[in-house]
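Notes follow once the structure below has been shown.
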Amino acid sequence: MSFLFIDSTYDVTLGILDEEMDWVDLRRHKGLKASTIIQAEVFDLFRKHSIDPRGLGAVIFVNGPGFYTGLRLSEGFSDVFEFFGVPHYSFYSYEVPRWCGVEKGRWFTKAYRGEYFLHDWDGEGQRSRLLSSTELPTMEPCERYFIHSETSLDELSSKFVPDPVQTVDLLREQPKAIFQQVLGQGLRREVFYFRAPEDEFKVST
């Protein structure tokens with residue numbers, strides 16, 4: 001049994017996992033719109049590995065935090081497989097470091113319109129928030145930083161996020177630790193936009 005993985009929160013990462021949650025194939029596409037490649041690339045994965053999509057164990061995708069178009073695409077694409085009786089599961093990028101054994105840290109990324117998203121966690125709890133570019137220089141320090149990928153930082157934020165670990169690398173290196181958590185808990189996270197669509201797409205008057 002095989003599992004399809006989709007991440008279109010920033011760039012596009014697609015992969016096939018086996019029953020043991022090891023990678024059979026993993027592809028990352030930088031600088032390309034998900035809408036232009038996702039269908040063709042998934043079809044090529046199925047063809048290359050002789051996979052009948054109706055026989056998938058599940059579709060697993062990242063449901064945020066991220067931008068509206070990318071998140072809607074991966075969620076909508078995954079919904080198609082449910083017509084064939086294939087379940088789907090989803091998780092957030094900032095959950096990955098904890099599943100890999102990191103007890104305390106900060107997941108960081110640029111968001112919309114000069115804002116930055118932070119998610120902190122430790123033994124006492126976790127919290128998420130948005131900071132403006134003017135607030136960024138006064139951000140309290142953290143010992144360990146994580147980002148989705150190199151596309152998560154811009155010129156300004158890179159000055160305040162020292163030596164970040166990329167969660168796309170953790171996904172590649174520790175798939176069992178991550179996907180066993182997702183499937184074991186039966187996670188279906190709600191879509192997590194940086195801003196609610198009604199706020200992001202307000203009509204100017």
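Search the range 43-55 for residues being in contact (Cβ under 8 Å) with a residue 12 or more places away in the chain and either touching a strand residue (DSSP E or B) at 6+ places or on another chain (Cβ under 6 Å) or loosely packed, with under 15 Cβ neighbours inside 10 Å (or both), and hand back the single one that is nearest to Y92 (Cα to Cα). If you could, list the steps in order and put the result at the bottom.
Going through the range 43-55, the residues in contact (Cβ under 8 Å) with a residue 12 or more places away in the chain turn out to be 45, 48-49, 51, 53-55.
The next check asks that each one be either touching a strand residue (DSSP E or B) at 6+ places or on another chain (Cβ under 6 Å) or loosely packed, with under 15 Cβ neighbours inside 10 Å (or both); those that pass are 45, 48-49, 54-55.
On the way: L45: 24, K48: 29, H49: 27, R54: 26, G55: 25 Å.
Out of the qualifying residues, it is L45.
May I ask you to say which residue of E41, E103, E20 is of a type in the set (D, E, K, R), assigned to a loop (DSSP other than H, G, I, E, B) and either farther than 22 Å from G186 by Cβ or assigned by TED's automatic domain parsing to the domain that holds I147 (or both)?
Working: E41 fails: assigned to a loop (DSSP other than H, G, I, E, B); E20 fails: either farther than 22 Å from G186 by Cβ or assigned by TED's automatic domain parsing to the domain that holds I147 (or both).
One residue alone meets the criteria, E103.
Considering the range 152-192 alone, what residues qualify as being in contact with a strand residue (DSSP E or B) (Cβ under 7 Å, 6 or more places away or on another chain) and not in a loop (DSSP other than H, G, I, E, B)?
Of everything in the range 152-192, those that are in contact with a strand residue (DSSP E or B) (Cβ under 7 Å, 6 or more places away or on another chain) and not in a loop (DSSP other than H, G, I, E, B) turn out to be S152, S157, V165, Q166, T167, V168, R172, P175, F179, V182, L183, R188.
Kindly evaluate E173 against the criterion of being at pLDDT 95 or above and exposed (fewer than 12 other Cβ atoms within 10 Å of the Cβ). Break it down into steps so the answer makes sense when it comes.
Values: at pLDDT 95 or above: yes; exposed (fewer than 12 other Cβ atoms within 10 Å of the Cβ): yes.
So E173 passes the test.
Does G76 satisfy being surrounded by fewer than 17 Cβ atoms within 10 Å (Cβ to Cβ), more than 20 Å from V168 (Cβ to Cβ) and in contact with a Phe, Trp or Tyr (Cβ under 8 Å, 6 or more places away or on another chain)? Talk me through it step by step, then tell me what you get.
On the way: surrounded by fewer than 17 Cβ atoms within 10 Å (Cβ to Cβ): yes; more than 20 Å from V168 (Cβ to Cβ): yes; in contact with a Phe, Trp or Tyr (Cβ under 8 Å, 6 or more places away or on another chain): no.
Taking the combined requirement at face value, the residue does not satisfy it.
Considering the range 56-85 alone, what residues qualify as being among the hydrophobic types (A, V, I, L, M, F, W, C) and modelled with pLDDT of 95 or more? Give the steps one after another, and end with the answer.
If we filter the range 56-85 for residues that are among the hydrophobic types (A, V, I, L, M, F, W, C), which is where we start, we get 56, 58-62, 67, 71, 73, 77, 80-81, 83-84.
If the condition is that a residue be among the hydrophobic types (A, V, I, L, M, F, W, C) and modelled with pLDDT of 95 or more, then L56, A58, V59, I60, F61, V62 are the ones that fit.
The values are calculated or read from the model by the stated rules, or taken from the named source; none is laboratory data. The shown structure was predicted, so the numbers you read here are calculated from the model rather than taken from an experiment. Neighbour counts run over all protein chains shown; Cβ positions are idealised from the backbone, glycine included.
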